[in-house]
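Quick notes on the structure that follows.
The values are calculated or read from the model by the stated rules, or taken from the named source; none is laboratory data. From a predicted model like this one, the values you see are computed outputs, not experimental measurements. Virtual Cβ from ideal backbone geometry, glycine too; neighbours counted across all protein chains shown.
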Amino acid sequence: MLWLLVWQLGSQALGQEILLVSPVSVLVRLSSLIRTFPFWESIGFSLARISLGFLLAAFWGTLFAALAARFAGFQDLLTPLILAIKATPVASFIILALIWIPSRNLSVFISFLMVFPVMYSNVLGGIQTTSRELLEMAQVFALPAGRTIRYIYISQILPFFRSACTIGLGLCWKSGIAAEVIGIPDGSIGEKLYNAKIFLNTPDLFAWTLVIVMVSLCFEKLVLRILDTCVRYLERM
Amino acid sequence: MAIVLEKLCKAYGNHGVLTDFSAVVPEGKVTAIMAPSGQGKTTLLRILMGLETPDSGKISGLSGKKFSAVFQENRLCDNLSPVSNIRLVAPEQKRSQIIAAMEGVLLADCFHQPVRELSGGMRRRVAILRALLADYDILFLDEPFKGLDDKTRQVVIRDAKLRSTGKTVFLITHDPWEAQIMEACQILTLR
């Protein structure tokens with residue numbers, strides 16, 4: 001509330017909405033946007049693609065981490081690639097990928113690319129720190145592989161996976177929207193942000209930014225809740 | 001069939017832990033292993049459990065046998081309850097059978113709590129009960145009763161004896177009383 005007040009006072013002091021729009025104007029613009037079909041269409045467009053990128057990264061990151069933990073050669077092969085992805089600016093990837101991928105699907109690829117190294121590194125770290133003592137216990141009691149994975153590996157890796165999800169969920173939205181702003185696919189949130197920039201429409205820019213933050217937070221809460229439900233199910237004996 | 005250990009040797013670097021160790025362990029009896037710390041008791045058990053390979057020597061009579069163990073550490077899944085920890089290694093045991101076995105050994109409040117919330121003594125009792133309720137032919141006990149107070153130790157050790165009757169048991173202990181209560185047929189001393 002304090003920061004909203006500071007924002008309102010700052011906007012009033014500047015007196016130019018184009019430089020700093022007031023929170024009231026943003027809310028007014030948002031309430032008018034909410035009543036239009038393209039608003040929801042844009043959210044659906046971006047949400048579907050960015051979530052897909054995230055889910056693909058979660059799946060492949062986990063799978064590759066499992067393979068890397070099992071085969072040292074595979075890990076050696078992947079390490080430089082992961083380092084390169086981490087070090088390269090996202091804008092470079094977006095511009096490069098625009099040559100290969102239609103702009104409609106660019107955000108899927110970019111979200112995937114940004115989240116994949118986070119998932120891979122965290123899950124690999126989790127596998128590597130899995131308690132050797134528990135694995136020995138599983139060996140002595142001759143636990144089947146399925147039970148060992150379900151009750152020992154998953155519970156040990158889960159905190160790492162959860163933390164990767166929290167970081168990845170923020171990253172996928174930031175990078176996915178950046179990809180849309182550069183690629184400007186029709187009907188995306190990125191296109192709306194781009195138009196707001198072109199027409200110096202600051203209320204729209206702020207309103208869409210607020211939408212991105214809210215959708216991203218809701219998506220994060222939803223994913224973490226689903227994850228916790230899955231864990232409760234898996235840990236049931 | 002007896003378990004025969006022939007001239008087992010194991011060294012870590014230049015430090016020899018087991019040197020030409022031989023023994024015959026009768027089936028269905030308790031064998032106690034006693035020696036001062038650092039003399040290779042745990043190493044011997046780890047070799048028997050298949051967790052380490054000897055540098056040389058031969059073991060016969062273990063193939064095809066089902067193992068159960070109480071390690072020096074509890075080695076429980078922290079997020080699972082005592083019942084679930086036991087069912088993990090003993091899926092054939094019904095929940096009601098496990099609860100019946102836990103009564104008298106554990107406080108009823110603890111049955112469904114994650115083991116990370118239990119005291120050290122309670123966790124130890126869960127680890128012992130898990131080993132006793134698993135389906136096994138050979139039971140390895142590495143100082144299983146260490147850390148339990150005297151009263152609990154007496155209850156747990158008698159329960160262990162009762163539940164392991166007729167099974168081959170290796171018991172590492174520093175306490176001759178434990179070997180006696182477990183009715184050890186022989187005491188192996190490592191030198």
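Only one of B:Ile33, B:Ile59 is touching a helix residue (DSSP H, G or I) at 6+ places or on another chain (Cβ under 6 Å) and either within 8 Å of chain A (Cβ to nearest Cβ) or modelled with pLDDT of 95 or more (or both). Can you tell me which?
None of the other options fit; the residue is B:Ile33.
Which condition from (1) touching a residue at least 24 places away in the same chain (Cβ under 8 Å); (2) not in a strand (DSSP E or B) is the one that B:Thr31 breaks?
(2)
Does B:Lys151 meet the test of being assigned to a strand (DSSP E or B), more than 14 Å from chain A (Cβ to nearest Cβ) and on the phi < 0 side of the Ramachandran plot?
no
Among the residues of segment B:62-71, write down those that are among the aliphatic types (A, V, I, L, M) and within 7 Å of chain A (Cβ to nearest Cβ).
Start the filter on segment B:62-71 by keeping residues that are among the aliphatic types (A, V, I, L, M), which leaves B:62, B:69-70.
B:Ala69, the sole residue that qualifies.
Out of B:Ile47, B:Ile99, which single residue is more than 21 Å from B:Met1 (Cα to Cα) and either more than 10 Å from chain A (Cβ to nearest Cβ) or in a helix (DSSP H, G or I) (or both)?
After applying the criteria, what remains is B:Ile99.
Of the conditions (1) surrounded by fewer than 22 Cβ atoms within 10 Å (Cβ to Cβ); (2) of a type outside the set (D, E, K, R); (3) part of a helix (DSSP H, G or I), B:Gln93 fails just one. Which one is it?
The number of the failed condition is (3).
Any residue at all in segment A:159-173 that is part of a helix (DSSP H, G or I) and within 14 Å of another protein chain (Cβ to nearest Cβ)?
Yes: one or more hits.
Here is a yes/no grid of residues against (1) at pLDDT 95 or above; (2) crowded, with 17+ Cβ neighbours inside 10 Å; (3) under 26 Å from the mean Cα position of the chain (by Cα):
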position: A:Leu4; (1), (2), (3): no, no, no
position: A:Leu14; (1), (2), (3): no, no, no
position: A:Val26; (1), (2), (3): no, yes, yes
position: A:Trp40; (1), (2), (3): yes, no, yes
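Starting from segment A:85-105, keep only residues that are assigned to a loop (DSSP other than H, G, I, E, B), then list their pairs with residues that are surrounded by 11 or more Cβ atoms within 10 Å (Cβ to Cβ) whose Cβ atoms are within a distance under 7 Å, requiring at least 6 positions of separation or different chains.
Listed pairs, sorted by first residue: A:Ile101/A:Phe109.
Quick one: is A:Leu47 exposed (fewer than 13 other Cβ atoms within 10 Å of the Cβ) and either assigned to a helix (DSSP H, G or I) or among the aliphatic types (A, V, I, L, M) (or both)?
So A:Leu47 does not fit the description; no.
In this structure, is B:Leu139 modelled with pLDDT of 95 or more, assigned to a helix (DSSP H, G or I) and touching a Lys or Arg at 6+ places or on another chain (Cβ under 7 Å)?
No; evaluated as a whole, the condition is false for this residue.
Quick one: count up the residues across segment B:53-79 that are in contact with a Cys (Cβ under 8 Å, 6 or more places away or on another chain) and in a loop (DSSP other than H, G, I, E, B).
Residues meeting the conditions: 2.
Residues are listed down the side, and each one gets a yes or a no for (1) part of a helix (DSSP H, G or I); (2) within 14 Å of chain B (Cβ to nearest Cβ); (3) surrounded by fewer than 20 Cβ atoms within 10 Å (Cβ to Cβ):
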site: A:Glu133; (1), (2), (3): yes, yes, yes
site: A:Ile154; (1), (2), (3): yes, yes, yes
site: A:Ile177; (1), (2), (3): yes, no, no
site: A:Gly187; (1), (2), (3): no, no, yes
site: A:Gly190; (1), (2), (3): yes, no, no
site: A:Tyr194; (1), (2), (3): yes, no, yes
site: A:Leu200; (1), (2), (3): no, no, yes
site: A:Phe206; (1), (2), (3): yes, no, no
site: A:Val215; (1), (2), (3): yes, no, yes
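Taking the residues in segment B:72-82 that are within 7 Å of another protein chain (Cβ to nearest Cβ) and not acidic (Asp, Glu) as candidates, determine which candidate is nearest to B:Phe111 (Cα to Cα).
B:Leu80
Quick one: how many residues across segment B:102-112 are within 11 Å of chain A (Cβ to nearest Cβ) and either β-branched (Val, Ile, Thr) or in a helix (DSSP H, G or I) (or both)?
Result for segment B:102-112: 0.
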